[in-house]
Amino acid sequence: MSRSDLEEILDLTDTFAEIGRRPIPKVPALRGRTVATAFFENSTRTRMSFETAARRLSADTVAFSAGSSSLSKGESLRDTVEVVASYGADLLVVRHAMAGTAHRVADWTDLSVVNAGDGCHEHPTQALLDCYTLREQRGSLDGMRIAIVGDIRHSRVARSNILAFTALGAEVVLVAPATLLPPAIDGWPVTVFHELDLLLADLDAVYLLRMQQERITEGLIPSLREYANDFGLSTDRVARMRSDALVLHPGPTNRGVEISAEAAADPRSVILDQVVNGVSVRMAVLFQLLGSGQQLVAADIEPVGDDARPEGVDR
Amino acid sequence: MAERERRQTPPFGGVFVSHARIMTADDMGRAVRRMAHEVIERNHGLSELVVIGLQTGGVPVSERLVETLEEIEGIRPPLGTLDVALHRDDIGIRPVVPEAATELPTDLDSRIVVLVDDVLFTGRTIRAALDAICDFGRPRSIQLAVMVDRGHRELPIRPDFVGKNLPTRRDEVVDVHITGVDLGVMEK
């Protein structure tokens, strides 16, 4: 997606944020439409956020979750998608542990497909809500210096955010131990540091990633405690940040690992704003796909089929 | 303005070509002044009034109405704006891009709401606005003021205060702007 595409959605989000502040936060825009959520991987906030967004637009929701479905009886992904689609859904929100699933599903069906996270690849709506949150706080991302800290290697949030932040004019710095960086990082529009302390004082925002203990199988870090010591946003570290700097986290947070409880509660932390904005951004995405009469493929932040795809993305 | 903008999008498309100037800026000023007096007369003053301009064409008209009400009575009623794009019944049929702000100055419960729009045509915008307002509260009454009533209603809606009754053909377009009211057509 280009800068203007991103900005179009972010501008549209303002309208939907206003609806969220109404006494009855609901508009009939997508009445009679059905949004199906197919989550093949666990999630609370993304799924609830999408469902809330759909309901605020008066769309109906159909939920599918892997744990309690016929997948456990051996039904294939494709059959599952076709079944979900045949319940009359107009749009499918897909999360899966495999990179590229949303693209694949989009090839199989005529429905609009929104990627709600595919493995270690991308999480586009998260990036949109993060951009919206930063823009809400600062007016613009132009010239901001944003550090993304933590497990870059397994993070789809990091991949989407690197693309979105840089597209909107921010400078992105990655801070992580070498073992938690992707194997081939050349060509990414970022600079890499291995120490957080040196940078703290000249950052506009710190974006902490969750330590994804479910994806980290090899011994990439000595221990969570040691990681927290070196890379966690401790109470002491947050005190050394600029007074106008922002703290973001995609959630769920591991308190005491990547962020201390005090840092999360600091006035500079906009973690809860991110959750609120998530609903507004997803309303904008759903509306743009189903309600605006425009055709748009909202698969990924990245330009599809373009060379701009970062190298070394696990596919 | 609003009508013209909607008409510029598919399935209409095209460029507005004016046939005739129906009202000049002075005519509009006189019409607003008369409507303001009617609003005051009907409601015995301005004490519980809220004026709401419909985005985007109704907003400048509502601003002028509030200014005139203030000149006459010495009280400035609260002024708000309402964007009804998401309440329209033609979502998905043609592009609807909500971009204008909804800002209501006060709680609407038991107030008298005067909705203001530039052109009253099919009545569908007003239907959407009534729905939207009911999401914000329960006004004691809702009244409708329009600069031009051009006929061709598709719903049982009638205005309370009219700047000008203007018989039109369906394919004509009425354009209300700051310098006057024009009647014309969209040409490809």
Out of B:Gly58, B:Gly45, B:Gly163, a Gaussian network model of chain B with alpha-carbon springs under 10 Å gives the largest mean-square fluctuation to B:Gly45
Indicate the helices, whole DSSP H runs only, in chain A that combine a mean Kyte-Doolittle hydropathy of 0.0 or more with a Cα extent along their long axis of 18 angstrom or more.
A:271-290
Mean separation of Cα contacts under 8 Å (6+ apart) over length of chain A, as relative contact order %:
21 percent
Average accessible surface area per residue within chain A, 1.4 Å rolling probe, Å²
41 Å²
How many square angstrom of accessible surface are buried between A and B, both sides summed, with a 1.4 Å probe and rounding to 100?
1300 Å²
Partner shielding of A:23-32, taken as the mean number of other chain Cβ atoms within 10 Å, equals 5
Can you list which of the GluC sites (Glu not before Pro) found in the stretch A:135-203 are DSSP loop residues with at most 12 other C-beta atoms within 10 Å?
A:Glu195
Tilt relative to chain B, helix B:25-43 - C-alpha long axis, 0 to 90 degrees, to 10:
40 degrees
Under 20 Å from a point 7 Å along the Cα-to-Cβ line of B:Asp107: which residues of the stretch B:33-76 have their amide N that close?
B:47-52
Could you report the accessible area of B:Ser141 in Å², rounded to 10, computed with a 1.4 Å probe on the protein chains as they sit in the structure?
40 Å²
Treating the angle as unsigned and between 0 and 90°, give the value, to the nearest 10°, between the Cα long axis of helix B:124-136 and the longest Cα principal axis of chain B.
40 degrees
Where a ≥ b ≥ c are root eigenvalues of the Cα gyration tensor, a/c under 1.5 meaning rounded, otherwise prolate if a/b exceeds b/c and oblate otherwise, the protein assembly as shown counts as prolate
Post the alpha-carbon centroid distance, the stretch B:141-181 to the stretch A:44-104, in whole angstrom.
46 Å
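The values are calculated or read from the model by the stated rules, or taken from the named source; none is laboratory data. Keep in mind the model is a prediction, meaning the values are calculated, not measured. Neighbour counts are summed over all protein chains in view; Cβ atoms, including those assigned to glycine, are modelled from backbone coordinates with ideal geometry. Please note that ligands, DNA and RNA were not included when accessible areas were found on the heavy atoms of the full protein model with its side chains. Shrake-Rupley method; radii C 1.70, N 1.55, O 1.52, S 1.80 Å.
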